[in-house]
Structure formats: structure tokens, C-alpha cells
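Comments concern the structure below.
The values are calculated or read from the model by the stated rules, or taken from the named source; none is laboratory data. All values reported here derive from a predicted model rather than from experimental measurement. Neighbour counts run over all protein chains shown; Cβ positions are idealised from the backbone, glycine included. Accessible surface is based on the protein model in full, side chains and every heavy atom, while ligands, DNA and RNA are left aside. Shrake-Rupley method; radii C 1.70, N 1.55, O 1.52, S 1.80 Å.
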Amino acid sequence: MFGDKETRFAGVQGKSVTHRFTRGVRLGVDVGQVRVGVAKCDPDGILASPVATVARDQQAGADTVPADMAELVRLAEEHEAVEVVVGLPVALNGREGVAAGHVRAYAERLGAVLAPRPVVLSDERMSTVVASRRLSERGVRGRRQRAVVDQAAAVEILQGWLDAQRRQT
């Protein structure tokens, strides 16, 4: 189960792994049905910033790497990411629904593609709502907001995870 608000996947095995926070760039990923938002942080893990929005590849077969995951691999290599943090949609009551199951499956497949780079699931409650609200407050609405809300949600996910890591050390 989700428990301590994060689960780690190490490559194909999907074994739970824990380790201390190490210096390095991380990517934050907000997985949606249509798009994937991507953010990154500085090597010291202080500030998350938006990177890209990638269209989901729903047509790829089980034996091929979906185009969105291939792009995440490319981005991880380009930014020399040491870890990828994927937002897990958990209900306000702490339970996981159907969407969380889809994200878990996505994270496991992504972990196999990114191995040996770890993929971490992090509680993303309200990240898209918060991102949308912050964009609206800045005057970004309508079509412009839809274009960047996934990136903004990825920033919220990654920043929340980074802040939680700092509180633990």
C-alpha cells in the first residue's frame, strides 16, 4: 500500500528501495490521460521549475516503448536526472482509486524503461487544483492555462516531494 506517501521502483524489479537524499537533478511527472507534465529541480533540490508537456502515447503496444516514455527518458538524460518523481493521485481520504492504479502501472513501466534510474511515487493530492488556481491568479486562463497546467502540476508534485525530503533530514 502507499503508506508513507512514497514508494520507490528500481527498474524492472519494482522492489521498494530507500536511501538518503543525494544531490542531483530530479524530474517531476504529472501523468494525465491525455498529457504528461514535466518539471525539474536544481541539483541541490531547492526549487522545481516547468520543463515540458508531452502528449500521451496510448497507441503503443506492450512490446514497444510509448513515445511519451521515450521523451521522458530523453529529458532525464538531457537534464542528467538522478531520479524521477511521479505524482500518485490519492483521494482526500487517503484511499487510492482507479486513477492511482493507472499511474502505478505507468510508473512501473516507466521504471523499467528508465532503469537503473529510480522512479518514486509521491502523493499528489490537489496538485492540479493548486496549479490551476495559481495560474488563474496570475491571469493565465482558458487555452493558455490548459497548455501549461500539466507542467505546473508537475512543479507542485516535485516541489512538495523536495520539501518533504528536506523536512526528513
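Tabulated data for the structure shown
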read-out: Residues of segment 109-120 that turn out to be touching a strand residue (DSSP E or B) at 6+ places or on another chain (Cβ under 7 Å) and either surrounded by fewer than 16 Cβ atoms within 10 Å (Cβ to Cβ) or assigned to a strand (DSSP E or B) (or both), as a count; value: 2
read-out: Residue match in segment 88-101 (condition: open to solvent by less than 30 Å² (accessible area, probe 1.4 Å), in contact with a helix residue (DSSP H, G or I) (Cβ under 8 Å, 6 or more places away or on another chain) and modelled with pLDDT under 95); value: yes
read-out: Residue tally, condition surrounded by fewer than 24 Cβ atoms within 10 Å (Cβ to Cβ) and aliphatic (A, V, I, L, M), over segment 25-40; value: 2
read-out: Boolean, residue 56 is within 16 Å of the chain's Cα centre (by Cα) and touching a residue at least 12 places away in the same chain (Cβ under 8 Å); value: yes
read-out: Answer residue from segment 48-79, given it is open to solvent by less than 50 Å² (accessible area, probe 1.4 Å) and in a loop (DSSP other than H, G, I, E, B) and is farthest from residue 154 (Cα to Cα) among those; value: 61
read-out: Near pairs, Cβ below 7 angstrom, 6+ apart or cross-chain, from segment 148-167 (farther than 13 Å from residue 41 by Cα and part of a helix (DSSP H, G or I)) to any residue that is among the aliphatic types (A, V, I, L, M) and modelled with pLDDT of 95 or more; value: 150/36
